[in-house]
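Notes follow once the structure below has been shown.
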Amino acid sequence: MTDTNAILTGIRVLDFGRYIAGPYCAALLADLGADVIRIERLEGGEDRWISPLEPQGSGALYVAMNRNKRGMTLDPASSEGREIVKKLVATADIVIANLPPDVLKTLGLDLASLQAIKPDIILSTTTAFGAGGPWSHKHGFDGIGQAMCGSAYLTGTPEQPLRAAVPWVDFGTATMSAFGTLAALMSRGKTGRGQKVETALLHTAVAFNNAMLVEQAVVAPNRQATVNTGFISGPSDLYRTRDGWVMVACVGNPMFRRFARLIGEEAWLSDPAFLDDAARGEQGAVLSARVTRWTETLATAEILEALEKAHIPAAPLFSPQQALDDAHIRATGMIEPVEYPGLPHATPLVLTPFDLSEAPKPTPRRAPLLGEHTDAILGEIGYDLSAIQGLRDRHVV
């Protein structure tokens, strides 16, 4: 059940999303107490089965993206399904759908169709490329944003550009969508009017890489990928140790002075090649070669201890399992273990990554099974058990 003291208690969200951008936006709102109804096709959405956690079972992406929601199945393209959508919309505050504009219109989920039912509704939509351009009609995933904003070009090497394994464009877009949706709710509280919130994967990626684009437009350094070496300061890199890897990020002259003295390179402090962050960014390969000669002789723990005493940011390189096992991550409560039916182990869920001092910490609930709450939700909008069985017989739900 939703916490009656939660910030978004009383707000209903219809989640027609898929994969990450829509569902994660809805999950963030659910974490804050909104009643989020995940609406899937009868056989389940395509994102339900990605990275399955058991044979023929729900996948890791679905379990993470759909915590704290209720779930129902529906064929929204059928005539009876359309009527159910209209009844649901009449009870809702927000509709989330990261679907192409033509699909939204076909399903009656475009803003005009929604406002004809409930004038103050808020529609949150996400596309791949955004409106108004020659690529607006195209579909895409996270990688398109990484490729087109310059990020993948600057990652890896010039011979082998790389996209990040973590889909930061998807998650960033979902977060921006949730941010915009909350702004629309605040606006509705002042004006009484709903509106459409539009986000795009490419827009998020370009926004997150804005500083690099500003630099290129003004001074045109034409930067090339340098694996993990930092562009704007140094030493900044992932360094091999005797038993693993460490990430070190040295920014600013005071920090650089402490680092140089730590590894016995006081001569760097009078070398014009290392005069400031910009210069040290240009000398990243030279700095990394020397730092590696220091780190590879020491254990990771020794290096982290020495850098901590010198007040230089550093961290070990973790595998996913090491991240799960890390004492600090566990102690801070970032991860909440939640049981999911049929799985041998609890699923480690991470809720909205901020804390509010005057709001209760949400209690995570597992993602719904396929169609788990269909009967209850239909009952809330006026269908009795006989009518619901008829809908099932006709494959509407």
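For the options 222, 253, 98, a Gaussian network treatment of the chain with springs between C-alpha atoms closer than 10 Å singles out 222 as fluctuating the most.
Pairs of Lys residues in the stretch 9-163 that lie 8 or more places apart, or on two chains, and have C-alpha atoms under 21 angstrom apart add up to 8. Computed from the C-beta positions of residue 279 and residue 214, the FRET efficiency with R₀ = 25 Å rounds to 0.80. Summing Lys and Arg as +1 and Asp and Glu as -1 over all other residues whose Cβ lies under 13 Å from the Cβ of residue 309 gives a net charge of -1.
Charge tally for residue 44 (other residues, Cβ to Cβ under 13 Å; Lys, Arg +1; Asp, Glu -1): -2. Full extension of the chain between residue 56 and residue 228 yields a length gain of 58.1 nm, computed as 0.36 nm times the residue separation minus the alpha carbon distance.
Proximity of backbone amide H atoms, modeled 1.01 Å from N, is registered between residue 349 and 336, 338 at under 5 Å, excluding neighbours fewer than 5 places apart on the same chain.
Hey, what number do you get for the chain at 222 nm if only DSSP H runs of n ≥ 4 count, each worth -39500 (n - 2.57), divided across all residues, to the nearest 500? Computed ellipticity for the chain at 222 nm equals -11500 deg cm²/dmol.
With 0.36 nm allotted per residue and the present C-alpha distance subtracted, the residue 166-residue 9 stretch has 53.4 nm of extension available.
In a DSSP loop and with at most 14 other Cβ atoms within 10 Å, the GluC sites (Glu not before Pro) in the stretch 300-397 are 339, 358.
For the stretch 96-101, 3J(HN,Hα) computed residue by residue from phi via the Karplus equation (6.51, -1.76, 1.60; θ = phi - 60°) reads 10, 8, 8, 10, x, x Hz, glycine and proline entered as x. Check each of the trypsin sites (Lys or Arg not before Pro) in the stretch 196-243 and keep only those in coil by DSSP with at most 16 other C-beta atoms within 10 angstrom; list them in order. Passing sites in the stretch 196-243 are 223, 242. Multiplying the residue separation of residue 355 and residue 269 by 0.36 nm and subtracting their alpha-carbon distance yields 26.8 nm.
What are the GluC sites (Glu not before Pro) within the stretch 156-233 that DSSP puts in a loop, where the Cβ has at most 12 other Cβ atoms within 10 Å? Filter output for the stretch 156-233: 159.
In the chain, excluding the sites themselves, the longest stretch lacking any of the chymotrypsin sites (Phe, Trp or Tyr not before Pro) that are in a DSSP loop with at most 16 other Cβ atoms within 10 Å is 142-317.
Taking every DSSP beta bridge that has both ends in the chain, the antiparallel portion is near 40%. Among rounded, prolate and oblate, which fits the chain when a ≥ b ≥ c are the square roots of the eigenvalues of its C-alpha gyration tensor, a/c under 1.5 means rounded, and a/b larger than b/c means prolate? It comes out prolate by the Cα gyration axes.
Bear in mind that the values in this text are calculations on the coordinates, not laboratory data. Note that the coordinates shown come from a computational prediction; the quantities given were computed from them, not determined experimentally. Ideal geometry is used to build each Cβ from the backbone, glycine not excepted, and the neighbour counts take in all protein chains shown.
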